[in-house]
Amino acid sequence: MRPAEQNVPADNMKIHTVQAIRKIVFYVATAVGFFVVAVTASATPAGSTTHEMIEWIGIVLIVACILGRTWSSLYIGGRKIEEFVQTGPYSVMRNPLYFFSCLGSVGVGMQVGTVVLGLITGLLTYVVFYFVILREEELLKERYGATYEAYMARVPRFFPNPSLWQDEPTLTIRPPRVLTTFGDALVFLLAVPIAEVFEYFQEAG
């Protein structure tokens with residue numbers, strides 16, 4: 001067996017570990033966001049036009065998160081170990097799943113009626129994911145070498161560049177992976193009823 005073939009299982013195990021850490025970070029960040037929403041008093045009077053508008057913008061961001069993560073999963077689901085994807089959302093930014101998760105976190109924070117908290121939760125989520133991204137990049141550089149380094153030089157890490165868009169004529173979709181990602185993203189929607197319940201208790205004293 002050639003040395004390169006001997007390294008494949010180890011590489012797979014490393015990537016599996018990073019993916020497991022990513023999922024743990026995702027749930028921890030979501031839980032922290034829910035806690036912050038629950039204990040933070042609204043900066044705008046509940047029921048006011050400004051308060052309601054901020055909440056609705058937050059809901060739009062949460063929906064964008066759910067749809068964006070699901071869309072990204074159509075391209076990446078189950079293929080991250082076998083190959084690194086450079087088409088669809090991955091042609092305009094290297095980490096669309098994390099990008100849309102940050103949008104969802106901003107939406108979660110905005111459920112208390114303040115833009116500032118939304119920006120704080122989004123920034124905290126980005127900081128947490130940033131270290132996971134760095135580790136993933138190290139593993140992908142080890143696995144794909146110059147090909148991945150060229151991809152890194154061409155495509156921005158986080159903020160999309162639509163002018164780079166590339167697609168493929170056919171797409172192999174793995175429904176279980178897509179449904180799992182969709183289910184994970186739905187967790188963000190829990191912020192809406194949770195915020196409403198705690199808003200009710202805050203108003204009731």
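The values are calculated or read from the model by the stated rules, or taken from the named source; none is laboratory data. What you are looking at is a predicted structure, and each value in this text was computed from that prediction instead of being measured. Quick reminder, even Gly has a Cβ in these numbers, built from the backbone with ideal geometry, and neighbours come from all protein chains shown. When the accessible area is computed, the model is the full protein with side chains, heavy atoms only, and any ligands, DNA or RNA have been set aside. Shrake-Rupley method; radii C 1.70, N 1.55, O 1.52, S 1.80 Å.
The order of 69, 154, 143, 177 by accessible area, most exposed first and with a 1.4 Å probe, is 177, 154, 143, 69.
Ranking of 136, 149 by solvent-accessible surface, largest first: 149, 136 (1.4 Å probe, protein heavy atoms only, all chains present).
May I ask you to list the residues of the stretch 168-205 whose amide nitrogen lies under 15 Å from a point 7 Å from Cα along the Cα→beta-carbon direction of residue 71? Taking a point 7 Å out along Cα→Cβ of residue 71, the residues of the stretch 168-205 whose backbone N falls under 15 Å are 168, 182. With a Förster radius of 30 Å applied to the beta-carbon distance between residue 157 and residue 24, the computed FRET efficiency rounds to 0.90. How much FRET efficiency would the formula 1/(1 + (r/R0)^6) give for residue 144 and residue 63, where r is the Cβ-Cβ distance and R0 is 35 Å, rounded to 0.05? Using R0 = 35 Å, I get an efficiency of 0.55.
Full extension of the chain between residue 131 and residue 87 yields a length gain of 13.5 nm, computed as 0.36 nm times the residue separation minus the alpha carbon distance. Over all orientations, the stretch 71-191 has a Cα convex hull whose mean projected area works out to 8.1 square nanometres.
In this simple spin-label approximation, residue 53 and residue 166 carry label points 7 Å from Cα along the Cα→Cβ vector, and these lie 4.2 nm apart. Applying 1/(1 + (r/R0)^6) with R0 = 30 Å to the Cβ-Cβ distance of residue 200 and residue 119 gives a FRET efficiency near 0.75.
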